[in-house]
1. Stretch GLU472-ASP116 to full length: gain in nm at 0.36 nm per residue minus the Cα-Cα span?
2. In the stretch 354-455, what GluC sites (Glu not before Pro) fall in a loop by DSSP, with at most 13 other Cβ atoms inside 10 Å?
3. At a Cα cut-off below 30 Å, give the lysines reachable from LYS207, other chains included and same-chain residues fewer than 8 away excluded.
4. Please figure out what share of the DSSP beta bridges in the stretch 166-307 is antiparallel and state it in percent, rounded to the nearest 5.
5. What number comes out for the charge environment of VAL304, summing +1 per Lys or Arg and -1 per Asp or Glu over other residues with Cβ under 9 Å away?
6. Take every DSSP beta bridge with both residues inside the stretch 6-153 and express the antiparallel ones as a percent of the total, to the nearest 5.
7. Sorted from largest down, what three extents in whole angstroms do the Cα atoms of the chain have along their principal axes?
8. Quote the charge dipole size of the stretch 413-512 about the Cα centre in Debye, to the nearest 20; the model charges only the Cβ of Lys and Arg (+1) and of Asp and Glu (-1).
Amino acid sequence: MTDGTTAQPVPDTRPPLRGTFASLGDALAAAAEQFGAREAYVDGGERISFADWNRQADAVAAELAGRGVRRGDVVALMLPSGVEYAVAYAAVLRLGAVVTGLNTRLGPQETHAVLDRCRPVLVIRDDEAGLPELPRGQLAITRCELAAVRQSGACPSTLPALTLEDPAVIIWTSGTTGTPKGAWYDHRGLEAAVWTSGVMSAPFDRKLVATPFAHAGYMAKVWDQLAWGSTLVIGQVPWKAAEMAEILRTERITVAGGVPTQWAKLLELPDNGRSALPELRLGISATAPAAPELVRRANEVLGVPLVVRYAMTESPSISGTEPQDPPEVQFSTVGRPQAGIEVRVVDEREHPVAAGTTGAVRVRGTAVMRGYWRDPERTAAALDDGGWLHTGDVGRFTEAGDLVLTGRSTDIYIRGGYNVHPLEVENVLSEHPEVARVAVVGTAAPVIGEIGVAFVVPRDPAAPPELAELREFSRRHLADYKSPDRLELVDALPLTPMLKVDRRALRASAAAG
């Protein structure tokens, strides 16, 4: 690690899916043949096997082809996480089209911005979920229509011969201006997830998942599921410790993720020791690292190690801790690069720095996005000529080779696993009639990692807006998780010498408040 770069070799362990495939659709067909009746998804009362998944994807692909979907077209999914989403996802890719997902919590402004950027030929959506209206003239299939098509038994008459370089998925994130950016991946990028998974995947795992399917945790990892023959069990919403424990037991879960507080509540339940969860082999600390004492207790009570993963929409695999790492490493670092991934920390001239020196974090590997969809300018800013992704994060390597993140070069904060850009929220709140000026910053919070704090200069100090009022106002335009959690009324916003809002001062005030 003398040059400030670390990388892990691809492991020799081979997944149970046999064969070489040119596309995810081919991998699904092979998984259906090799794994057959083995469960692929458990979604409440619905269970489907790999064979069911493949057959239903064929039926939906035939319907999409009949509606004019062709190779290279974009199809958008506005569906909840679950079996329907998985079937539609596979159907789109089987036709050589490009699939993208929209979080069902997005507001009208965000939804229209994404659709305008990707221009789908078709949208598959839940018409009864109160989702934003589609632009006039946009072709769509409803969730009810999809349910009927899934069981039709139809098959596409012809399928294109795809290559690993064909575009496959677009995953959306917010940019520094609040406008959406679509990180896109080809089939080779999806295949790379198989080799970067490390301890996260073992043959025929049963994984309890809570990540929305429209996010990178699912969109970029489906090939990994196919290769390892994993069963995905969809977690219940809202979350309850007793219900999670019941799912862990009855579904024989081997890998489960949760925020630190959820793990702590799980440990408080009676009769929940190792004998009650004999199948569970790995826990993932989501949103924030688990405190050392929590890591120790999880090992002692459940007999399960907790690990941390560092990833982003533009690179769903970056680094992670290992089960044998001591609790202090699990808490203070994001571990070492995953297999097939290079990570370096550089100075202002892009030169790697020595261990212990703080710099900008760069990432390179097949699992990294190919660019931003139809956005060459921002692609050029994110990916340099050497193929290194500029993550926007700042960090340092320890002497042992673990990466420590020390901050972000942007103002984005992460609330409950969701990226929130303050400018986007500010642009909405500034339109409220009782708001003269507003600035939003993130601050640390238990359970969900960070929350948004809105500093507001009221238009009339005698009649300032209330938090509930601002939250409701923002929800009319944006996803609910972007609404501010706290309101601080101020006479004026602090300014830097350059007359810009002093966000550092606001963050300090939010933390102290």
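Each value in this text was obtained by applying a stated rule to the coordinates, not by laboratory testing. Please read these numbers as outputs of a predicted model, since none were measured by experiment. Cβ: placed from backbone, ideal geometry, glycine included. Neighbour counts: every protein chain shown.
1. Values: separation 356, 0.36 × 356 = 128.16 nm, distance 2.55 nm.
Here the segment from GLU472 to ASP116 would lengthen by 125.6 nm.
2. Taking the stretch 354-455 and a limit of 13 other Cβ atoms within 10 Å, the loop GluC sites (Glu not before Pro) found are GLU399, GLU431.
3. LYS181, LYS221, LYS240, LYS265, LYS482
4. On the way: 7 of 19 bridges.
Once the DSSP bridges in the stretch 166-307 are tallied, antiparallel ones form about 35 percent.
5. Values: positive: ARG274, ARG281; negative: none.
With Lys, Arg at +1 and Asp, Glu at -1, the neighbours total +2.
6. Details: 4 of 15 bridges.
Around 25 percent antiparallel, to the nearest 5.
7. Dimensions of the chain along the principal axes of its Cα atoms: 66, 55, 53 Å.
8. 340
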